[in-house]
Amino acid sequence: MYKNHKVIVIAPCYNEELKISEVVVRINGMHEHVVDEVLVVDDGSTDSSARVSKDKGASVIFMGRVAGVGAAIRAGFKYALEKKYDLIVVIAGNNKDEPNEIPDLLKPIVHEGYDFVQGSRYLKHNATLTTSQNMANMPWYRKVATRLHPFLFSLLSGKKVTESTNGFRAIRASVLKDDLIRLEQAWLDQYELEPYLYFKVVRLGYKTTEVPCTKVYPTKDFAKKHGYTKMKPFVSWWSILRPLILLRLGLKS
């Protein structure tokens with residue numbers, strides 16, 4: 001329990017056997033006991049991601065097919081609500097996030113009454129690594145996309161933000177019970193769900209904030225062999241952009 005709140009961390013995962021075990025180990029090895037359960041949602045991996053996650057102590061949901069990251073996160077949310085968790089953290093399954101920063105996401109909810117906390121790589125950070133060092137290996141097109149999206153998010157949502165594409169975030173579980181937040185929609189199965197949820201909580205008047213976080217990209221040699229991300233240029237960009245447009249125009253709910 002964290003300050004009398006039951007906490008679960010959800011890590012969506014697709015073919016990350018080299019990284020997901022490290023994610024689980026790092027969360028379970030946090031110096032401060034914060035997390036009650038680590039849940040890996042395996043999105044139809046063809047490698048050993050599910051097995052290595054279990055071996056390191058995580059609970060695992062296996063989607064049985066490649067359903068999409070949005071569908072995987074939604075399955076994790078459903079599990080968290082069924083298990084009556086109070087606070088939910090979502091973390092990358094590719095080991096780019098810093099588990100020791102999980103308390104930074106939770107503190108504004110527990111101590112200041114926030115409902116949703118977004119981790120931002122673009123806020124001033126007091127960690128050892130500077131922002132430029134954290135993202136030194138970030139591809140140029142990702143740098144453009146991660147700056148453009150929050151600009152458009154701010155413009156369309158009416159709330160100024162510095163980050164809107166980073167999946168490292170925390171939410172009060174009770175927010176997911178709001179009937180106006182319709183995560184079950186099939187069009188949210190891919191990358192749409194994360195910006196959709198953020199946009200909805202802002203527009204519905206929930207109390208949201210950002211906290212600085214670390215985002216570390218792999219070296220070029222590692223990325224050449226294993227990849228930077230599962231996102232694809234243009235196709236995935238439209239996936240994270242269209243919820244903002246469709247919701248703002250009232251074409252989706």
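The values are calculated or read from the model by the stated rules, or taken from the named source; none is laboratory data. Note that the coordinates shown come from a computational prediction; the quantities given were computed from them, not determined experimentally. Every residue, glycine among them, receives a Cβ derived from its backbone with ideal geometry; neighbour counts consider all protein chains shown.
Answer yes or no: is there a residue in the range 151-162 that is closer than 26 Å to Ile8 by Cα and at pLDDT 95 or above.
Filtering the range 151-162 down to residues closer than 26 Å to Ile8 by Cα leaves 161-162.
Filter once more, keeping what is at pLDDT 95 or above: 161-162.
Yes; the residues of the range 151-162 include at least one that is closer than 26 Å to Ile8 by Cα and at pLDDT 95 or above.
Would you confirm whether or not the range 35-46 contains a residue that is of a type in the set (Asp, Glu) and touching a residue at least 60 places away in the same chain (Cβ under 8 Å)? Reasoning before the result, please.
As a first pass, look at the range 35-46 and keep what is of a type in the set (Asp, Glu): 36-37, 42-43.
From what is left, the residues that are touching a residue at least 60 places away in the same chain (Cβ under 8 Å) are none.
There is no residue in the range 35-46 that is of a type in the set (Asp, Glu) and touching a residue at least 60 places away in the same chain (Cβ under 8 Å).
Kindly provide the set of residues from the range 28-43 that are surrounded by 17 or more Cβ atoms within 10 Å (Cβ to Cβ) and either among the small types (Gly, Ala, Ser) or within 18 Å of Ile73 (Cα to Cα) (or both), ordered by number.
Of everything in the range 28-43, those that are surrounded by 17 or more Cβ atoms within 10 Å (Cβ to Cβ) and either among the small types (Gly, Ala, Ser) or within 18 Å of Ile73 (Cα to Cα) (or both) turn out to be Val35, Glu37, Val38, Leu39, Val40, Val41, Asp42, Asp43.
Can you find, within the range 218-253, the residue that is nearest to Thr162 (Cα to Cα) among those that are assigned to a loop (DSSP other than H, G, I, E, B) and modelled with pLDDT of 80 or more?
Looking only at the range 218-253, we keep the residues that are assigned to a loop (DSSP other than H, G, I, E, B), and these are 218-219, 227-234, 249-253.
Okay, now just the ones that are also modelled with pLDDT of 80 or more, so 249-253.
Values: Leu249: 23, Gly250: 24, Leu251: 26, Lys252: 24, Ser253: 24 Å.
Checked the range 218-253; the qualifying residue nearest to Thr162 (Cα to Cα) is Leu249.
What about Asp47, is it at pLDDT 95 or above, buried (at least 18 other Cβ atoms within 10 Å of the Cβ), out of contact with any strand residue (DSSP E or B) (no Cβ under 7 Å at 6 or more places or on another chain) and not in a helix (DSSP H, G or I)?
Numbers: at pLDDT 95 or above: yes; buried (at least 18 other Cβ atoms within 10 Å of the Cβ): no; out of contact with any strand residue (DSSP E or B) (no Cβ under 7 Å at 6 or more places or on another chain): yes; not in a helix (DSSP H, G or I): yes.
Spelling it out, it is not the case that Asp47 is at pLDDT 95 or above, buried (at least 18 other Cβ atoms within 10 Å of the Cβ), out of contact with any strand residue (DSSP E or B) (no Cβ under 7 Å at 6 or more places or on another chain) and not in a helix (DSSP H, G or I).
Quick check: is even one residue across the range 10-26 assigned to a strand (DSSP E or B), of a type in the set (Val, Ile, Thr) and surrounded by 21 or more Cβ atoms within 10 Å (Cβ to Cβ)?
Here is the first cut: in the range 10-26, the ones assigned to a strand (DSSP E or B) are 10-13.
Now drop any that are not of a type in the set (Val, Ile, Thr), which leaves 10.
Those still in the list that are surrounded by 21 or more Cβ atoms within 10 Å (Cβ to Cβ) too: 10.
Within the range 10-26, one or more residues are assigned to a strand (DSSP E or B), of a type in the set (Val, Ile, Thr) and surrounded by 21 or more Cβ atoms within 10 Å (Cβ to Cβ).
Mind listing whichever residues of the range 23-59 are out of contact with any Asp or Glu (no Cβ under 6 Å at 6 or more places or on another chain) and over 30 Å from His111 (Cβ atoms)?
Scanning the range 23-59 gives Asp42, Asp43, Gly44, Ser45, Thr46, Arg51, Ser53, Lys54, Asp55, Lys56.
Based on what the data block shows, is Ala75 within 15 Å of the chain's Cα centre (by Cα) and either of a type in the set (A, V, I, L, M) or over 30 Å from Lys207 (Cα atoms) (or both)? First the steps, then the outcome.
Working: within 15 Å of the chain's Cα centre (by Cα): yes; either of a type in the set (A, V, I, L, M) or over 30 Å from Lys207 (Cα atoms) (or both): yes.
Yes: the conditions hold for Ala75.
If I ask for residues that are charged (D, E, K, R), within 22 Å of Leu106 (Cα to Cα) and surrounded by 11 or more Cβ atoms within 10 Å (Cβ to Cβ), which ones from the range 172-191 would you list?
Arg172, Asp178
Can you tell me which residues in the range 57-93 are assigned to a helix (DSSP H, G or I) and free of Cβ contacts under 8 Å to residues at least 40 places away in the same chain?
Of all residues in the range 57-93, those assigned to a helix (DSSP H, G or I) come to 69-82.
Ala75, Lys78, Glu82, listed by residue number.
Residues checked against (1) in contact with a strand residue (DSSP E or B) (Cβ under 9 Å, 6 or more places away or on another chain); (2) surrounded by fewer than 21 Cβ atoms within 10 Å (Cβ to Cβ):
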| residue | (1), (2) |
| --- | --- |
| Lys54 | yes, yes |
| Ala58 | yes, no |
| Phe62 | yes, yes |
| Ile73 | yes, no |
| Lys96 | no, no |
| Asn100 | no, yes |
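Quick test for you: out of Thr208, Thr146, pick the one residue that is surrounded by 18 or more Cβ atoms within 10 Å (Cβ to Cβ), polar (S, T, N, Q) and modelled with pLDDT under 95. Walk me through how you get there before you give the answer.
Details: Thr208 fails: modelled with pLDDT under 95.
Answer to the selection: Thr146.
List every residue pair whose Cβ atoms sit under 6 Å apart, with the two residues 6 or more apart in sequence or on different chains, where the first one lies in the range 1-17 and is farther than 19 Å from Lys96 by Cα and the second, anywhere, is in a strand (DSSP E or B).
His5/Leu87; Val7/Leu87
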